1. Given the residues 316, 356, which is the only one that is within 16 Å of the ligand (Cβ to nearest atom), surrounded by fewer than 16 Cβ atoms within 10 Å (Cβ to Cβ) and outside the structural domain of residue 18 (by the TED database)?
2. Restricting attention to region 34-77, which residues are open to solvent by 40 Å² or more (accessible area, probe 1.4 Å) and assigned to a strand (DSSP E or B)?
3. Does at least one position in region 187-198 carry a residue that is of a type in the set (S, T, N, Q), over 21 Å from the mean Cα position of the chain (by Cα) and open to solvent by less than 50 Å² (accessible area, probe 1.4 Å)?
4. For region 379-408: of the residues being farther than 21 Å from residue 176 by Cα, out of contact with any helix residue (DSSP H, G or I) (no Cβ under 7 Å at 6 or more places or on another chain) and of a type in the set (A, V, I, L, M), which is modelled with the lowest pLDDT?
5. Can you tell me which of (1) open to solvent by less than 10 Å² (accessible area, probe 1.4 Å); (2) part of a loop (DSSP other than H, G, I, E, B) is the one residue 121 doesn't meet?
6. Among the numbered criteria (1) in contact with an Asp or Glu (Cβ under 7 Å, 6 or more places away or on another chain); (2) in the same structural domain as residue 24 (by the TED database), which one does residue 458 miss?
7. Open to solvent by 50 Å² or more (accessible area, probe 1.4 Å), out of contact with any Gly (no Cβ under 9 Å at 6 or more places or on another chain) and either small (Gly, Ala, Ser) or under 16 Å from residue 121 (Cα atoms) (or both): is that true of residue 183 in this structure?
8. Restricting to region 89-118, count the residues that are closer than 17 Å to residue 6 by Cβ and part of a loop (DSSP other than H, G, I, E, B).
Amino acid sequence: MALSHVVIFPFMAQGHALPLLDLSKALSSQQITVTIITTPGNAKSISDCIHSYPNISFLEIPFPAIDGVPEGCENTSQLPSMEFHLPFLQATKQLQNPFQNILQSMMKSQNPPICVISDFFLGWTLAVCKALGVPRLVFHGMGVLSMAISKSVWVHQPQLKAKSVFDDLDLPGMKLPFTLTSSDLPDTINTQNHDDPLSKFIEEVGEADVNSSGIVCNTFEELERSHIPCFESFYSGSAKAWCVGPLLLYDKMEDLDIHKNNSSVSIMQWLTEQITPNSVIYVSFGTQADLSDAQLDEVAFGLEESGFPFVWAVRSKTWCLPKDIEEKIKGRGLVIKEWVDQRRILLHRAIGGFLSHCGWNSVLESVSAGVPILAWPMIAEQSLNAKLIADGLGAGINVKKEAAGAVVSREAICDGVRELMGGEKGRNARERAEALGREARRAVQEGGSSHRTLQKMIGQLKNPS
Ligand SMILES: O=c1ccn([C@@H]2O[C@H](COP(=O)(O)OP(=O)(O)O[C@H]3O[C@H](CO)[C@@H](O)[C@H](O)[C@H]3O)[C@@H](O)[C@H]2O)c(=O)[nH]1
């Protein structure tokens with residue numbers, strides 16, 4: 001008998017696609033055949049990740065040429081700046097017809113899919129799925145609490161009633177594990193009205209979101225249990241939030257070897273030479289945030305002054321380490337300008353902390369490795385993740401920020417690194433992170449909460465009542 005078949009359609013951004021590739025692996029381990037839909041420019045990285053999984057394959061549809069998106073950009077990481085983000089999002093709508101053709105022929109095949117799991121940003125997949133009678137599950141890539149807050153703010157707009165940006169916001173029916181002000185809200189939802197083009201886009205994909213048949217959530221119950229019912233309440237019908245994460249833990253680490261370029265090998269060797277466990281801080285700000293050269297300089301000086309060894313994955317290709325500290329950090333700091341194997345780095349025993357922008361994948365990777373976070377949120381929902389990890393769960397501390405938008409000083413970075421790596425707050429955060437890491441690993445094992453949920457989700461998709 002043919003294995004059940006699931007179609008997965010990731011959005012073209014690393015932070016969105018990577019967890020869906022992990023989900024594909026999780027489904028494949030449950031005897032499901034997975035077809036991933038992608039575009040030619042994203043095919044290589046997908047094929048590299050899945051090459052040792054015979055149940056997972058991919059199909060390509062061409063990325064549309066559209067005004068406002070630089071030619072050849074098929075992934076948000078290739079966009080020159082965040083200015084191009086909205087045109088890129090809009091461009092993906094033109095994938096609707098080719099996707100419909102593919103799905104239509106799959107529906108007529110011997111093994112039609114039991115569902116489509118689509119990224120939130122690809123809202124138009126709902127209409128295609130409805131037309132062809134296949135359930136659409138949605139995937140956001142974010143945590144449950146940040147999604148629930150975002151939905152609640154979108155609906156209730158409490159920020160409009162606040163007298164100042166520092167007023168506590170009250171969200172009906174939600175018990176937040178921290179205080180929330182409008183300055184903590186993602187720009188995309190912190191708007192006076194929903195009339196601007198980005199808000200209109202969010203509204204459109206949000207409409208498809210809440211009318212989906214279910215939500216696949218990259219989180220685990222032990223991390224966000226109390227926020228799940230509130231999150232589900234924003235969905236129509238009986239849509240369920242399936243908490244099946246951390247999805248990265250379904251990945252057999254040997255498959256990450258494909259990212260093992262020369263610098264990955266030398267980073268791991270360098271880490272192994274650091275004799276003291278938990279002595280090195282890892283620094284990365286994800287795949288989307290743009291830091292100015294002045295800000296990168298402050299990070300460099302702050303890390304140097306902290307005295308702690310560090311590995312820093314720098315995204316900017318043009319920024320150069322200030323000459324006056326090059327010598328000082330020799331042997332103590334690695335500054336890498338290539339894609340690094342972040343998951344593997346975080347798992348190394350030498351790593352004792354993570355200076356992070358708090359993208360949800362980074363948060364989960366750090367938590368899963370039992371590494372505390374020095375939280376420095378930058379864009380999107382990252383400030384909510386930072387609050388959850390530091391104030392809510394106690395597994396991190398915050399970088400001290402001055403005025404919104406101002407460059408974060410080297411002193412603030414240096415103090416934060418010293419506290420996380422050597423202070424009492426850092427010690428407590430490490431204990432909490434290690435405890436959460438144990439729970440995360442338990443959740444995805446046979447009998448764990450996420451493992452059971454994954455099996456229940458598959459059971460329901462195979463035999464809808
Ligand atoms: O050199 C690198 C750089 C990144 N990564 C990986 O890339 C992913 C980055 O994801 P994340 O930490 O979530 O950061 P962003 O890519 O910046 O995340 C975007 O998407 C996330 C998920 O929706 C949101 O939480 C963030 O706010 C949004 O900026 C992680 O798996 C990292 O391990 C590497 O492996 N090597």
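The values are calculated or read from the model by the stated rules, or taken from the named source; none is laboratory data. Note that the coordinates shown come from a computational prediction; the quantities given were computed from them, not determined experimentally. Note: ideal-geometry Cβ built from the backbone for every residue, glycine included; neighbour counts use all protein chains shown. Ligands, DNA and RNA are stripped out before the accessible areas are found, and what is left, the full protein with its side chains, is counted by its heavy atoms. Shrake-Rupley method; radii C 1.70, N 1.55, O 1.52, S 1.80 Å.
1. On the way: 356 fails: surrounded by fewer than 16 Cβ atoms within 10 Å (Cβ to Cβ).
The conditions single out 316.
2. Passing the criteria: 57, 58, 59, 60.
3. Of all residues in region 187-198, those of a type in the set (S, T, N, Q) come to 188, 190-193.
Now drop any that are not over 21 Å from the mean Cα position of the chain (by Cα), which leaves 191-193.
Next, from what is left, pick out any that are open to solvent by less than 50 Å² (accessible area, probe 1.4 Å): 191.
Checking region 187-198: at least one residue is of a type in the set (S, T, N, Q), over 21 Å from the mean Cα position of the chain (by Cα) and open to solvent by less than 50 Å² (accessible area, probe 1.4 Å).
4. Residue satisfying both the conditions and the ranking: 403.
5. (1)
6. (1) is the only condition that residue 458 fails.
7. Numbers: open to solvent by 50 Å² or more (accessible area, probe 1.4 Å): yes; out of contact with any Gly (no Cβ under 9 Å at 6 or more places or on another chain): yes; either small (Gly, Ala, Ser) or under 16 Å from residue 121 (Cα atoms) (or both): yes.
It is true that residue 183 is open to solvent by 50 Å² or more (accessible area, probe 1.4 Å), out of contact with any Gly (no Cβ under 9 Å at 6 or more places or on another chain) and either small (Gly, Ala, Ser) or under 16 Å from residue 121 (Cα atoms) (or both).
8. Residues in region 89-118 being closer than 17 Å to residue 6 by Cβ and part of a loop (DSSP other than H, G, I, E, B): 6 in total.
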